[in-house]
Amino acid sequence: MKKRWLAVVLAGALAGASLAGCSGSDPQGPIISPEDPIEEEVTINFWGWGDLAEQQNYQTLVNQFMAEEGNENITVIYRGINSATYMTTLRASARNLPELFYMPDYDFLEWVSAGSLKDISAYVEEEELSQLWPQAVDEYYYNPDTATLGQSEGAGLYGLPKDLGPFTLVYNKSLLDARIEQKGLDADEIYAEYLTPTQAMTWEKFRTLLKMLVNDANNDGTPDDSVYGISHYEIETAVYSNNANFFNDDASEQRITDQNFIDALQFIADLTLVDHVMVPSALQSDMDGFTRFVNQQCIFSFMGPWDCAQFWGFDIPFTYNILPVPYNGENPDAMSTAWVGSMGYCVSARANSLQTAAAMRLAKYLCMNEDAQREFYELGQQVPNLVSMATDEYLNDTQGLLEGKDPADRSVWVDTINGTSDTDRIGGKVRPRYYTYSSGWYDDFLTYIDEQGLWTGERTAEQICKAYAPSFQSVLTEMKANLG
Amino acid sequence: MYPDELVRTAGEELPSPRVPKKKKVSVQERKEHLIAFLFILPPIVGFLIFTALSVVFTFVYSFQGYNSLSGISENVGFANYIDLFTHVTRAPLFGKAIVNTIVLLLSVPFSMILGLILAGLLRLGEIKGSKFFQVLYYVPAVSSAVALNIVWNYIFRSNGVFNTLLGLDVIWLDGDVTIKVAIIFKNSLNAMGGAMILYLAGMLNVPKDLYEASSLDGAGKVRQFFSITLPLISPVTFYLLITGVIGGLQSYADAQVFAAGNTGATTIVYFIWQQGIQGNNNQGLASAASVLLAVLIMIVTLIQFKFSNKWVYEE
């Protein structure tokens with residue numbers, strides 16, 4: 001009797017497992033242009049992330065979208081999810097995705113190669129795309145036949161950019177000015193020499209500036225007033241700004257043993273170990289860089305345009321401004337290169353033709369509509385996607401919506417996205433995780449260099465990178481194999 | 001034996017065994033049984049779906065390479081189990097998680113000892129307001145593990161209460177060893193209240209006449225404690241040990257909330273979460289780790305039961 005029961009349970013479980021694997025239907029249907037009137041009633045789900053303020057803002061925009069003429073038959077159910085749990089939630093719903101959802105660039109390849117995202121090429125006109133930052137649009141091209149990213153030729157478009165966010169250097173201007181005065185330094189000289197929005201500092205200059213500003217009389221690495229020079233340093237930024245990378249162009253061969261890569265890591269470690277100007281890694285686990293900066297326990301940190309919403313929301317008691325990230329002046333091929341993050345509006349591959357048309361109408365509204373883009377920059381959430389708006393209205397605040405709001409030099413973000421002339425040598429680059437099948441390797445790398453004592457000086461960057469290279473190479477090979 | 005069997009002679013036929021007659025179940029009784037069954041049906045269904053079926057699925061998936069995005073699953077044999085011990089990046093993480101989980105179990109005996117001491121003090125009745133202390137020490141047992149871990153995280157920060165009160169300059173949340181010390185310390189304090197209540201209940205059940213008799217024989221309090229109290233409450237100790245070790249092997253919140261992923265405190269369940277849920281899309285590997293964890297828990301529990309007859313008092 002017991003055996004019979006067991007057999008029934010096992011059979012049920014296996015049947016359930018096989019059914020789960022086979023579930024789903026082919027929702028393909030005739031393409032309905034988003035421009036055509038939608039006569040039937042259609043409901044779509046739209047998932048995004050962000051803090052409460054951002055969620056409320058999105059809900060308002062979604063309501064505005066539904067109220068617009070021609071959208072009467074579209075019902076959008078918006079769900080805002082905390083950014084920390086967003087991808088876990090989305091992954092748990094992978095077999096039953098909402099019709100429209102955010103997709104961070106570093107997870108894009110895994111999802112698009114699994115066939116979870118819909119090719120939306122037929123739903124967008126070239127003319128519409130030409131209004132947007134080209135590098136933002138290019139990120140969402142994928143050729144399933146060759147498994148290549150970022151090139152439009154022969155590829156499908158699998159998302160519209162939500163934003164393009166350069167993560168640049170930020171400084172507490174109030175604190176810096178007070179420190180300049182306290183130390184008897186020449187403010188004009190400091191600003192002209194080090195703090196120019198159109199000319200990035202070299203690593204050497206940056207170290208010199210930080211050492212000038214930090215109060216550490218006995219040079220023991222603990223500032224006398226607990227105010228560090230910089231909260232932390234972005235690894236990708238240092239690597240990119242020394243003309244290095246984690247791997248080659250198609251992410252098949254590791255490059256962490258290249259001298260430029262090693263030098264970039266050692267530069268970061270030395271900010272704590274040699275110069276005593278950066279928060280030691282052990283203390284970074286107490287408080288993240290953003291919080292430390294808001295608490296005025298450091299002069300420099302890093303920020304992206306989306307951080308403005310929080311700064312303005314906090315009503316912080318100091319002024320701040322941004323700068324292009326420093327680069328290695330000793331490397332003639334190096335230039336200031338910040339990482340530029342992006343997120344896409346993607347449509348579920350399972351959405352039917354009517355849902356796809358409605359989802360695309362909403363995606364275009366959020367991505368390209370002037371009012372929506374204006375609302376986003378006014379709320380401090382992003383640099384506008386529309387190039388003309390970003391380079392004029394946003395940059396010069398022609399609408400007067402950013403009056404009195406920091407940072408004053410928003411041009412740094414636009415320059416970082418756009419890339420400036422050879423003389424200024426400022427640019428941006430998508431994060432390396434974008435190019436790989438999965439993004440967990442990056443955390444594994446950080447864990448490894450931390451455990452091996454790079455930040456405490458137990459081992460040098462060279463020793464650590466050379467020791468880790470074979471493991472990293474096998475991870476890259478494995479990820480490449482996953483793409484087929 | 002029945003008396004008539006004693007006088008039965010050889011060769012005499014044995015009477016056919018008495019088969020109890022099947023009791024007829026009335027319609028009313030059937031109805032009652034049905035209603036009773038319906039009452040227990042929801043938990044049974046819940047158990048089958050969320051526990052039994054999950055166990056079966058986990059076992060099946062541990063032999064599969066499953067892509068949760070595409071839904072494609074393929075048989076990979078023992079590859080996931082082998083990966084746990086040989087993969088270039090996952091094996092070190094899994095090994096570390098095993099070591100961490102085992103080391104962090106040290107909080108189990110510490111919490112039991114602390115609970116026993118507290119129960120002993122309260123039992124002696126020498127502490128005024130003992131009821132208040134019972135409630136106070138028991139509060140962590142009824143509090144959310146996440147909330148507790150957040151509070152402890154603040155306490156153990158470099159500028160937190162712990163360092164400030166003791167005048168220390170230790171970075172508890174970062175080091176490989178210090179984070180373990182902090183977790184063992186906090187878990188010992190968190191669990192001692194629960195242990196105290198159970199020990200106290202156990203002590204109250206020890207017959208008073210044993211103490212009276214031993215007093216007449218000249219035994220002091222200490223002798224009474226070690227010769228009477230401790231052996232007679234050994235079933236409580238056994239229960240605390242079993243549940244503490246099983247709970248410790250399933251620890252997750254410490255690694256996730258308190259240590260915020262610090263590799264010095266990652267546990268087996270945290271590793272499973274990382275691989276299967278967080279974003280690595282390695283459900284097969286996570287399933288294999290889950291199966292191994294279940295086997296480990298079973299073995300440890302069986303060993304504990306096996307040796308329990310040597311030290312656990314049974315009436």
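Values quoted throughout were computed directly from the atomic coordinates according to the rules given, and no laboratory measurement underlies them. Predicted model, so just to flag it, every value in this text is computed and none were measured. All Cβ positions, glycine included, derive from the backbone under ideal geometry; neighbour counts span all protein chains shown.
In summary, the aspartates and glutamates within cross-link reach of B:Lys208, defined as a Cα separation below 17 angstrom excluding same-chain residues under 8 places away, comprise B:Asp217, B:Glu315. Only DSSP H runs of four or more residues enter the estimate; each adds -39500 (n - 2.57), and after division by the residues of chain B the mean residue ellipticity at 222 nm equals -19000 deg cm²/dmol.
If r is the Cβ-Cβ distance from B:Arg30 to B:Tyr252 and R0 is 45 Å, what FRET efficiency results, to the nearest 0.05? With a Förster radius of 45 Å, E is 0.50. Comparing A:Gly70, B:Gln274, B:Tyr211 along the charge dipole axis of the protein assembly as shown, the residue lying farthest to the positive side is B:Tyr211, per the Cβ-charge model.
Computed across segment B:27-86, the Kirkwood radius stands at 14.6 Å (inverse of mean 1/r, all Cα pairs).
Here the Kirkwood formula, the inverse mean of 1/r across different C-alpha pairs, assigns segment B:90-194 a hydrodynamic radius of 15.4 Å.
Using the Kirkwood radius over C-alpha pairs as Rh, can you work out the diffusion coefficient of segment A:18-151 via Stokes-Einstein at 10 °C, viscosity 1.306 mPa s, in µm² per second? Diffusion coefficient, whole number: 93 µm²/s. Residue pairs exceeding 24 angstrom between C-alpha atoms, taken from A:Lys118/A:Lys480; A:Lys466/B:Lys180; A:Lys118/A:Lys364; B:Lys186/B:Lys221; A:Lys173/A:Lys211; A:Lys480/B:Lys96: A:Lys466/B:Lys180; B:Lys186/B:Lys221; A:Lys480/B:Lys96. A simple spin-label model places the labels of A:Asn143 and A:Arg459 3.9 nm from each other, with each point 7 Å out along Cα-to-Cβ.
Once the Cα atoms are used to define both axes, helix A:173-182 deviates from the longest principal axis of chain A by about 10 degrees. Multiplying the residue separation of A:Lys183 and A:Gln399 by 0.36 nm and removing their Cα-Cα distance gives an extension gain of 73.8 nm. If I build a Gaussian network model for chain B, linking alpha-carbon pairs within less than 10 angstrom, which residue out of B:Ile117, B:Ile35, B:Ile228 has the largest mean-square fluctuation? In this elastic network of chain B, the residue with the biggest mean-square fluctuation among B:Ile117, B:Ile35, B:Ile228 is B:Ile35. In segment A:93-112, which residues have a backbone nitrogen under 16 Å from the label point lying 7 Å from A:Arg79's Cα in the Cα-to-Cβ direction? Only A:93-103 fall inside the zone, counting backbone N under 16 Å. Rg and Dmax over the alpha-carbon atoms of segment B:97-308 stand at 19.9, 69 Å.
A protection proxy built from the mean count of other Cβ atoms within 10 Å ranks the segments B:24-31, A:332-339, A:157-164, most packed first, as A:157-164, A:332-339, B:24-31. Other residues whose C-beta falls under 14 angstrom from the C-beta of B:Ala289 contribute a net charge of +1, scoring Lys and Arg +1 and Asp and Glu -1.
Residue ranges B:63-74, A:451-462 sort as B:63-74, A:451-462 when ordered by packing (mean number of other C-beta atoms within 10 Å per residue, highest first). Over the protein assembly as shown, the Kirkwood radius and the radius of gyration, each from Cα atoms, give a ratio Rg/Rh of 1.05. Place +1 on the Cβ of every Lys and Arg and -1 on the Cβ of every Asp and Glu in the protein assembly as shown, take the dipole about the Cα centre, and give the residue among A:Phe247, A:Cys367, A:Leu323 whose Cα lies farthest towards its positive end. The listed residue farthest towards the positive side: A:Phe247.
A crude spin-label estimate for the pair A:Thr196 and B:Leu124, with each label 7 Å from Cα along the Cβ direction, gives 7.8 nm. Ranked by the mean number of other Cβ atoms within 10 Å per residue, highest first, peptides A:34-41, A:427-434 order as A:427-434, A:34-41. Centroid-to-centroid, using Cα positions, segment A:430-484 and segment A:323-379 are 27 Å apart.
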